[in-house]
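Worksheet for the structure shown next.
The values are calculated or read from the model by the stated rules, or taken from the named source; none is laboratory data. What you see is a predicted model, and the numbers here were worked out from it, not measured in a lab. Every residue, glycine as well, gets a Cβ built from its backbone with ideal geometry; the counts of neighbours run over all protein chains shown. Only protein heavy atoms, including side chains, enter the accessible area calculation; ligands, DNA and RNA are left aside. Shrake-Rupley method; radii C 1.70, N 1.55, O 1.52, S 1.80 Å.
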Amino acid sequence: MFLGHIRAPITWLCAQRFTKMRAPDSGCRSYLDANASEPLRPEARAAVIQTLDVVGNPSSVHAEGRHARQLLEDAREVLADCFGATASEMVFTSGGTEANSLAIAALCGERRAIVGITEHAAVRAAFSGPVHVLPVNGNGVADLGALETLLQGSPALVCLMAANNETGVLHPVAQVAQMCRAAGALLHVDAVQAAGRLPPGYWNAGDTVALSGHKLGGPLGAGALLAGPRAMPMLRPLIKGGGQERGRRGGTPALAPIAGFAAAASAAKPESAARLAPMRDEIENVARECGAVVVGGEAERLPNTTCLWLPGVKAETQVIALDLEGIAVSAGAACSSGKVGRSHVLEAMGLGDGAGEAIRVSLPWAANAEHVRAFVRAYRAVTSRLLRRAA
Ligand code: PLP
């Protein structure tokens, strides 16, 4: 009732907002920014649409509530199966950022924190106190000699991502898990970029593992934290409320995004992600001919990701020039405001000024030869123009 007299202006505002900013015409563009967000998979879209009409709250005891609960638990089973976990090890969250925060807040406690230098902001910002920084080598891979030294002393929590979002470089998570177990340390793995692209053996060895639905072709709004037997009893809710997720995360779970997450995870076969590697290699060959350096090119990497450093040309300039040619890529160091700075990842790898001159190309699950041709055509044109101007 109170809102009645302002409903018309709100409707008008919404209409303005949604018509002013037209979605780009995907027919004439190549979206190569999958590490920011994967396009929705058709299986996920179908599951979301079907679940949107479900009536009932999964916590309600009546038939409608029990039906909603059944769908939620079915999704949990499917996801657990995809991720090499059990359903009781999974806590649903809104996405990867929340999953990282939930794990770190619970596990850190009195422990010394040892945090990979190339971690995503979602992990770095979850610490309020000082941390020990785990360095990487020139290829961006965690320095295990340094980890061995850092693990000596009082109990620690180690945070290491499975795959870097800017370079695609993989860390040896299984080996790190063994080192942590031997030293009595806990391990948290941010597997947001690795899940769905690599088999679970590459990334699920942590005491806790953070996952995100929209990074594997699900809708925005759903993610999960996997927590093993040591970690699960330590979890304390960051969002308090109705005791959902067995007291680990309050709030009514987002059933439709979760159903989409499960459908996307089932469809995201690491074998099919592997088909992206030859396309990624073709892009890198052309980029090298154009004067670019492939960052982390010697390391084991995600099949869909490449980080191209064009010495002397700002990343932002490259991203804008490619955008005008119909290609969507990102500067590794772009923050949520869209501003591009120097990448802490590339700085850690010793690129110096080059840390502000690299772009990330991340092929989506449905990438094809036409996307690659379009990128290569645009990249040749843009780099020759920008390098001439920089000379
Ligand atoms: N961790 C990594 C490695 C990421 O790349 C991202 C997003 O880019 C996140 C965490 C945050 O995930 P979400 O967007 O689901 O909150």
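Whole-percent P(r), the chain, all Cα pairs, 10 Å bins from 0: 5, 22, 29, 25, 14, 4, 0, 0. Taking amide H as placed 1.01 Å from N in the peptide plane, Asn35 has its amide H under 5 Å from the amide H of Ser362, each at least 5 places away in sequence or on another chain. Projecting the Cα positions of Leu79, Ala68, Ala156 onto the charge dipole of the chain (unit charges on Cβ atoms of Lys, Arg, Asp and Glu, taken about the Cα centre) puts Ala68 furthest along the positive direction. Our coupling estimate for the stretch 260-274, obtained by passing each phi through the Karplus curve with A = 6.51, B = -1.76, C = 1.60 and θ = phi - 60°, is x, 4, 5, 5, 5, 5, 5, 7, 7, 7, x, 4, 7, 5, 4 Hz, Gly and Pro reported as x.
Fully extended, how many nm does the chain gain between Glu73 and Thr149 (0.36 nm per residue separation, minus their Cα-Cα distance)?
Numbers: separation 76, 0.36 × 76 = 27.36 nm, distance 4.25 nm.
That works out to 23.1 nm of additional length.
Mind checking the stretch 58-163 for GluC sites (Glu not before Pro) that DSSP puts in a loop (not H, G, I, E or B) and that have at most 12 other Cβ atoms within 10 Å? Write down the numbers at each step before the final one.
Values: sites: Glu64, Glu73, Glu77, Glu89, Glu98, Glu110, Glu119, Glu148; in loops: Glu110, Glu119.
Answer by residue number: Glu110.
At a Förster distance of 30 Å, what's the computed FRET efficiency of Val133 paired with Val61, Cβ-Cβ distance as r, to 0.05? Calculated value: 0.05. Of the beta bridges in the stretch 131-273, as assigned by DSSP with both residues counted there, near 45 percent are antiparallel. As a size descriptor, the averaged projected area of the C-alpha convex hull of the stretch 291-391 was calculated at 6.7 nm².
Note that the chain presents 46 Å² accessible area per residue, ligands and nucleic acids not counted, probe 1.4 Å.
Per residue of the chain, the DSSP helices (runs of n ≥ 4 H) give a summed -39500 (n - 2.57) that works out to -11500 deg cm²/dmol at 222 nm. Annotation for the stretch 264-308: GluC sites (Glu not before Pro) lying in DSSP loop with at most 16 further Cβ atoms inside 10 Å of their Cβ are Glu298, Glu300. Ignoring ligands, DNA and RNA, what percent of the accessible area of the chain is carbon or sulfur (1.4 Å)? C and S atoms contribute 57 percent here. Distant-in-sequence amide contacts of Ala331, defined by a placed amide H-H separation under 5 Å and a gap of 5 or more residues or a different chain, comprise Arg360.
With both bridge residues required to lie in the chain, what share of the DSSP beta bridges run antiparallel, to the nearest 5%? Provide the component values of the computation, followed by the final result.
Details: 22 of 41 bridges.
Close to 55 percent.
Shown for the chain: lysine pairs separated by 8 or more places, or found on different chains, whose C-alpha atoms are under 23 Å apart, numbering 4.
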